[in-house]
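Below: one structure, written as C-alpha cells.
The values are calculated or read from the model by the stated rules, or taken from the named source; none is laboratory data. Just so it is clear, the structure is predicted and the values come from calculations on it, not from any experiment. Here Cβ is always computed from backbone atoms with ideal geometry, including for glycine, and neighbour counts include all displayed protein chains. These accessible areas exclude ligands, DNA and RNA; they are computed on the full protein's heavy atoms, side chains included. Shrake-Rupley method; radii C 1.70, N 1.55, O 1.52, S 1.80 Å.
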Amino acid sequence: MPMGIAITMLHDGRVLLELLADRSSVFSSAETRVDDHDRTSAIVREWVTAPLAVPDRRGPHRPSPYRDGYTLVVSPGSTRDLAAFSTYGNSLLVDFGRAFGAAPGAAGDPEPLARALPRDLAISFRRAQQKAAWRLAQGAYLPVLVGYLDELRAMTSIEEQYAYETTTAGVGGILDDERYLLVAEDARARQVYLDLLAERSSLYNWYMDLAKGGLVRPRR
C-alpha cells in the first residue's frame, strides 16, 4: 500500500504528484496544474485502478524545477503537512484509505479522493501564495531574509563549526515555518529563501564533518 502522496507546487501553478512507497521511493509520478481538476482526478483514478509498479528511487521521477518547489506530503504520518495542505485533513485521509487500502490485487474506490485532492490542491496553492504575499509585505520582509543570509554566510571560522546547532532553533525554525515562500510571486524572495536553504545545508555538512568525522576546518 502507498504510504502517501507528495505534492510539489511551483509558483507558476505547475505541480508534481508522487505516489510514495516510502520517503525515498515512488510507485509513480505525474505532472498537473493546480487548476486542472480533470487531469488531477484522472491521475488519482489511474493510480488506484492500475496495478502498482515496482518502487523506484524518487530522484529520476523529479524533473529539476521541482527540486526547488514547495512540497507537502499527504499521509497519516505527516500531520503538519496535511494540516497545511487541507482544511479537511481527516476526511482526506479517509479518502486515501478508501482508495489505496484495498486488499492486494483489488482496486479501491478512487472517487472520493479524485474529487477531494484537486479541490484541496487549488485551495492550498492559493492560500500559500496569499500567505507569502502577506509575509513579504510588499518587499518589507526581504531585507530581513537577506540579513539572515548574510549572517549564515559569515559563519566560516573554525570556532564556528558548531554554528548549525545554534541556528537550528532560530533561523532554521523560521525557514521550516516559511516554506510557502517557495511559491511566492516575488522571484527575488524565492531565490533568497533557496539561498538560505543552501547555507543551512552547508552549515550542517560542516558541522557533521566535526561531529561525526572529527575534521576541524574552516568553511569555504
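Applying the condition of being of a type in the set (D, E, K, R) and in a helix (DSSP H, G or I) to region 60-96 and asking which residue is farthest from the chain's Cα centre (by Cα) yields 95.
Taking the criterion of being open to solvent by 90 Å² or more (accessible area, probe 1.4 Å) and either modelled with pLDDT under 95 or farther than 25 Å from residue 14 by Cβ (or both), the only residue of region 119-146 that qualifies is 138. Across region 176-191, the number of residues qualifying as surrounded by fewer than 19 Cβ atoms within 10 Å (Cβ to Cβ) and part of a helix (DSSP H, G or I) comes to 6. Among the residues of region 193-220, those identified as closer than 30 Å to residue 130 by Cβ, of a type in the set (A, V, I, L, M, F, W, C) and surrounded by fewer than 19 Cβ atoms within 10 Å (Cβ to Cβ) are 194, 197, 198. Within region 106-118, the set of residues being assigned to a helix (DSSP H, G or I) and open to solvent by 50 Å² or more (accessible area, probe 1.4 Å) comprises 111, 115. The residue that is modelled with the highest pLDDT, counting only those in region 49-60 that are open to solvent by less than 50 Å² (accessible area, probe 1.4 Å) and closer than 12 Å to residue 18 by Cα, is 58. Would region 22-43 turn up any residue that is open to solvent by less than 50 Å² (accessible area, probe 1.4 Å), of a type in the set (D, E, K, R) and at pLDDT 95 or above? The answer is no; no qualifying residue exists.
Residues of region 85-104 include none that is surrounded by 14 or more Cβ atoms within 10 Å (Cβ to Cβ), touching a Lys or Arg at 6+ places or on another chain (Cβ under 8 Å), in contact (Cβ under 8 Å) with a residue 60 or more places away in the chain and not basic (Lys, Arg).
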